[in-house]
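Heads up, the thing below is written out as structure tokens.
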Amino acid sequence: MQQLERELKLDVGEGWSFPDLAGVLPGIMPVRLPTLELVTTYYDTSDLRLAGQRVTLRHRASRRSGSTGRLTSGRAGGETEPGTGAGEWTVKLPSASDGALLSRTEVTWPAQALGARASPRGRGSQANGPTPSKAARPAAAHLTAAWPPAGRSWLPVPAGAAGLVRGLSLGLPLKPVARLSTIRERVELRTSDGLPLAEVDHDAVSGSRLIAPRRSTRFREVEVELAPGSAAEVLDAVVSRLVAAGASPGSGVSKLVTILGTGQPAPLGGKARKPWDEELTVEELLREQVSGCRQVLLAHDPPIRLDDPDPEHVHRARVATRRLRSVLRALRASIPSAETELPQLYEELSWLGGLFGHVRDTDVRAELFCTDGANLAPADSLGVQRLLVAAAVARQRAHDELREALNTNRYLALLKALEDFDPSVAGSWSASHEPTRANDNGRANASGGGGTPTPTGREVLARDVLPVLLARSLRSLRREVKGLGRHPTNEALHRARIKAKRLRYTAELAAGLPPAKSRRAGALPGRRLPRSKAPRAIAKAAAALQDSLGQFHDAVEAEAWLRQAASTCAGTGAGGDARGEPKIEKRTRARPEEGEAARLGEAARLGEAARLGEAALLVEATAQFLLVAGQFVAAARLRQDQRRAAWPADWQRFTRACGL
């Protein structure tokens with residue numbers, strides 16, 4: 001089960017108790033729920049990889065306070081009777097904050113009953129030993145005793161949960177790293193007709209870190225969790241009442257982080273870029289870029305595995321791989337490991353980026369088809385629906401291929417290579433830093449330098465290299481455009497788009513240079529612009545050019561897909577044969593008894609008529625599909641013509657923005 005959790009945490013001290021929450025808002029009634037005793041075990045790798053990415057994997061069991069029954073299944077806030085199961089597993093993904101309110105996606109799996117044989121769902125499993133027997137239960141009156149007791153194994157992580165965090169954990173074993181015992185007092189706020197609005201929990205927590213260095217901690221906190229559909233006004237009113245009763249705004253640190261004592265991890269996806277140090281080297285720059293790509297991949301890995309409907313997850317992961325490939329391509333002349341590690345890393349990024357790109361292309365096509373379908377007549381609705389279904393099937397197939405790739409050792413090896421990346425192997429960079437010309441395969445032909453000793457990447461400053469690379473990338477794009485002619489082909493415009501993309505990424509790197517040092521870069525083009533702003537202006541202009549050419553490329557790809565889909569549908573679709581004619585299956589039957597001949601003959605005629613009717617409907621649906629596909633092809637061609645006609649003006653705007 002997957003849901004969005006919205007909660008706010010407050011700190012409270014010893015002796016704090018619930019205030020009267022009646023009347024916090026008109027029509028809201030507080031209802032006291034039974035107090036729960038919770039046992040929560042957090043799982044992670046030995047080096048706390050999940051915690052480092054702000055992801056938690058936990059097993060939780062609960063029972064009503066004072067009960068002598070078995071720990072129960074179900075959510076902590078539920079009304080499950082004791083003795084009915086073994087709790088549940090939950091993966092919580094990184095939160096998005098709106099002020100103090102945290103919103104987290106959580107995915108749950110039911111745990112196996114204590115004493116039962118573990119059989120995790122899904123393909124494969126990650127077992128951490130046999131499931132504890134009934135004797136492994138904690139003492140009835142207190143939850144502070146070790147559970148399971150010494151000498152017994154912990155519960156196996158369900159295959160679905162282990163698979164969801166496989167990329168974050170690099171496939172390493174998951175084991176218990178912390179255990180919490182909590183006494184939870186609960187109050188639920190309901191409307192006058194009984195609908196839940198929020199739950200307020202007062203938790204008294206005692207926890208232990210189970211890995212070195214071991215430690216124990218006790219603390220109290222209050223959580224306010226909004227029910228689905230509840231308004232922010234409910235939260236504001238409840239928090240005001242709690243603060244008036246002595247609660248204080250929480251630090252936002254999770255229970256696990258408090259127990260582990262590691263401090264709040266940095267936001268997933270990397271820290272916001274700060275102005276670069278003037279002495280930043282190429283090696284440091286590249287290490288930063290590789291780390292940033294890895295962080296983006298890890299941030300979007302779980303949502304992609306969950307098939308999150310937001311297409312931005314795939315899009316941002318794809319951009320991260322493309323950006324790093326462009327950076328590697330640009331900087332490899334100054335990287336010592338250019339002849340060994342970089343080609344392999346570049347190839348693996350190309351493989352992964354291609355899979356992301358395949359899914360992204362299907363998302364773009366679906367958006368285009370929805371737009372075009374809304375402009376067609378109602379009579380075409382059946383054909384539009386069939387075409388959108390075909391596009392959705394293609395998208396699902398591409399996404400399944402991507403998820404399958406994310407489960408391979410090849411993907412894990414790529415993540416590990418990004419983590420361990422070290423560009424400090426022996427190599428060289430031309431000491432003269434003179435502009436060089438890139439040949440067709442992208443390798444730079446250095447000019448000058450002679451026998452002068454060449455420094456390694458850790459000795460070369462980024463402020464000296466990036467202006468040269470920016471000028472080189474700009475010249476490469478201008479040469480490509482110069483060769484297009486008056487009637488450029490689709491392939492030629494696509495090559496220009498790739499060059500514009502590379503220029504954009506290089507300019508965005510150069511835009512981080514300290515302004516005072518940028519003015520030293522005589523190789524920077526654009527005399528009409530202040531030199532310190534030239535890279536930023538070029539990056540913005542290149543992005544606009546790339547977007548324009550990207551729209552053209554999307555229309556070309558959409559037309560190609562539509563023609564292929566129409567060809568397939570016309571040849572074998574809708575129950576037809578290669579010529580599109582309906583198939584009518586001929587059957588031979590044993591001769592019936594004479595008394596049944598009339599009844600069976602009538603049934604056969606009705607059945608044949610039904611089959612003919614279904615075939616006719618399928619043929620009609622196929623015809624409508626082809627009609628809609630033809631209209632969509634016309635719309636795609638119109639987009640191509642419009643972008644092709646706008647290309648000269650787009651290029652002129654780019655040159656003016658760059659001061660050329």
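The values are calculated or read from the model by the stated rules, or taken from the named source; none is laboratory data. Note that this is a predicted model, so its numbers are computed, not measured. Cβ sites come from the backbone with ideal geometry, for glycine too, and all protein chains shown count toward neighbours. Only protein heavy atoms, including side chains, enter the accessible area calculation; ligands, DNA and RNA are left aside. Shrake-Rupley method; radii C 1.70, N 1.55, O 1.52, S 1.80 Å.
Below, the figures for the structure above:
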item: Segment Thr489-Ser381, extension gain: residue separation times 0.36 nm, minus the distance between their alpha carbons; result: 35.4 nm
item: Cross-link pairs beyond the 21 Å C-alpha cut-off, checked among Lys255/Lys416; Lys499/Lys540; Lys92/Lys255; Lys416/Lys499; Lys92/Lys416; result: Lys255/Lys416; Lys416/Lys499; Lys92/Lys416
item: Solvent-accessible heavy-atom area per residue, rounded to whole Å², over segment 166-207 at 1.4 Å; result: 31
item: Theoretical FRET efficiency, 1/(1+(r/R0)^6), r = Cβ-Cβ of Ala544 and Leu388, R0 35 Å, to 0.05; result: 0.70
item: Separation of the Arg287 and Arg656 label points, Cα + 7 Å toward Cβ, nm; result: 4.5
item: Sulfur and carbon atoms: percent of accessible area, segment 276-364 [1.4 Å]; result: 48
item: Full-stretch length increase - Ala244, Glu312 - with 0.36 nm per residue and alpha-carbon distance subtracted; result: 20.4 nm
item: Pairwise label distance in nanometres, Ala366 with Ile183, each label 7 Å out on the Cα-Cβ vector; result: 5.0
item: Estimated inter-spin distance, Ala22 and Arg215, nm [label 7 Å along Cα→Cβ]; result: 4.4
item: Per-pair calculated FRET efficiency, R0 = 25 Å: Glu419 and Glu278 via Cβ, rounded to 0.05; result: 0.35
item: Förster radius 35 Å - calculated FRET efficiency between Glu459 and Arg410 (Cβ-Cβ, nearest 0.05); result: 0.55
item: Share of carbon and sulfur in the accessible heavy-atom surface of segment 192-250 [1.4 Å probe, %]; result: 53
item: Charge tally in the Cβ shell below 12 Å around Pro309, where Lys, Arg are +1 and Asp, Glu are -1, Pro309 excluded; result: -4
